[in-house]
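Following: one structure in structure tokens, then a few remarks.
Since every read-out is calculated from the coordinates, none of them should be taken as a lab result. All of these numbers come straight from a predicted model, not from anything done at the bench. Note that each Cβ is placed from the backbone with ideal geometry, even for glycine, and that neighbours are counted across all protein chains shown.
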Amino acid sequence: MKKKILMVEYQGRCDTSGVAVGHAPKVLSEYAGFLKDDFEVSVLSPRCVLEATDADGRRNAKVLPRQIVMKGKVPIYERIFNKFKMFRNIRTALSVEADVYWFFNVEFYLMLYLALFGNRGRKIVCTMFMSGWHGGLIASIKQKIFERAQKRISYFISTGPSFSYKNVKASFLPDYYCDEAYYAKYRAKDRKGFVCLGTMGAEKQLEEMVERFTELELPLTVAGRFYDKERLEKLKALAGSNVEFRDEYLTKDEYLKLLGKAKYVVLPYAPLQYGSQTSGVLQEALFLDTVCVTHRDVLEGNRIPGIGYGSWDELKEEDIVEDTSEYLAAFARLRREVYSREHMKAELQRIFSM
């Protein structure tokens, strides 16, 4: 009899029109496809994520009724209500019978739930996109809760090569694998300019990026959904004529075309957060031969070469190299050795066979 694996997405983040945001649909589709032949895989997820996945991601799927709507300014009562939604989804998931419960899109509130209420005797595997919660008073409290929760988890799939954990077994596996046939068609031969893509949330240093690129007069396209429309208008007021804004939800095809035609992608991540966290845009840029411009800690933490800076005013025009062949050779090697389908499938089969 095949081992039963329940893949759980308890957040269900979507925009105001109900379209899923974030990397959960892509991760669900890929992971379910890796395991379908060797295990009995079922899925529990809010509808918005299921609707954005392929057939593998919808295999034996049941819908969790609660999802989280992402928007600019969220009242405090709604934020609290969103946390209760996640708690109820987690509780529902742990009431379903399975051999292994795989939470493949994890943030702090799963850890808080497990620390408070335990795992109900379930074997839990978590995919972790960050190494923990460090620094500052609130972060130190979160870290203690995180370390308590780890004792209720059997295994971490760590998407960051530099991550380390105290109380649980873990191994490194990237967020995505590189499907060469799929990504090759998006790699443009003639490339130019800079793009900044993805959800334009509060955690991104958009003001600093726009000011610096306006000073350098380098062509930059900022494309993605802005939940905070007031912030978008302020950014437009800061920007020079070299900066273009596209406030829209990009389809996967539109997103990859923009990323594959650009020579560089700018990731305006705060280093305290993303130095110990992974990025889907960073990985897909590697798949498309697009060179990343981001904080040095982000590149080092993810072990991906790119153009790094310590602060925005350190970024100079002479840092933007014309000949990127050295980067492209490194990207090709990483795709073969680290991000290949064969490597990732074998590692997942090893983990879930234990």
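Report the antiparallel proportion of the DSSP beta bridges in the chain as a percent, rounded to a multiple of 5.
5 percent
How many percent of the alpha carbon pairs in the stretch 97-204 exceed a separation of 16 Å?
Counting pairs separated by more than 16 Å, the tail of P(r) holds 68 percent.
For n ≥ 4 DSSP H runs only, could you compute -39500 (n - 2.57) per run for the chain, divide by its residues and tell me the 222 nm figure to the nearest 500?
Computed ellipticity for the chain at 222 nm equals -11500 deg cm²/dmol.
Which three numbers, in whole Å and largest first, are the semi-axes of the equivalent ellipsoid of the stretch 1-108 derived from its Cα gyration tensor as √(5λ)?
After scaling each eigenvalue by five and taking roots: 25, 15, 9 Å.
Just to be sure I understand the model, the point goes 7 Å from the Cα along the line to the Cβ. What's the resulting K252 to E300 distance in nm?
So the label points at K252 and E300 sit 3.5 nm apart.
At a temperature of 25 °C and a viscosity of 0.890 mPa s, determine how fast the stretch 311-354 diffuses translationally according to Stokes-Einstein, using the Kirkwood radius over alpha-carbon pairs as Rh; express D in µm²/s, rounded to the nearest whole number.
181 µm²/s
Could you tell me how many degrees, from 0 to 90 and to the nearest 10, lie between the Cα long axis of helix 76-94 and the main elongation axis, the longest principal axis, of the Cα atoms of the chain?
50 degrees
Any chance you could give the angle, 0 to 90 degrees and rounded to 10, that helix 206-216 forms with the longest Cα principal axis of the chain?
Roughly 20 degrees, rounded to the nearest 10.
Across the stretch 180-337, how many lysine pairs separated by 8 or more positions, or lying on different chains, have Cα atoms within less than 14 Å?
9
Considering the stretch 180-337, what Rg and Dmax in Å follow from its alpha-carbon atoms?
So, for the stretch 180-337, Rg and Dmax equal 14.8, 45 Å respectively.
Which angle between 0 and 90 degrees, to the nearest 10, do you get for helix 24-35 versus the longest principal axis of the chain when only C-alpha atoms count?
Orientation of helix 24-35: about 60 degrees from the principal axis.
Starting from the 7 Å offset along Cα-to-Cβ, what nm value, one decimal, do you get for the label separation of R47 and K123?
Going from the R47 label point to the K123 one covers 3.4 nm.
Two decimals is fine: what's Rg over Rh for the stretch 64-140, C-alpha atoms, Kirkwood radius as Rh?
0.98
Can you tell me the length gained on complete extension of the stretch I320 to R336, counting 0.36 nm per residue apart and subtracting the Cα distance?
Value of the extension gain: 3.1 nm.
With a point put 7 Å past each Cα toward its Cβ, work out how far A55 is from L137 in nm, to one decimal.
Distance between label points: 5.6 nm.
In what sequence, highest mean first, do 145-151, 310-316, 277-283 appear when ranked by Cβ atoms within 10 angstrom?
277-283, 145-151, 310-316
With a Cα-only, solvent-free Debye model of the chain, what are the log10 I(q)/I(0) values at q = 0.10, 0.11, 0.12, 0.13 Å⁻¹?
Per q value, in the given order, log10 I(q)/I(0) is -0.62, -0.76, -0.92, -1.08.
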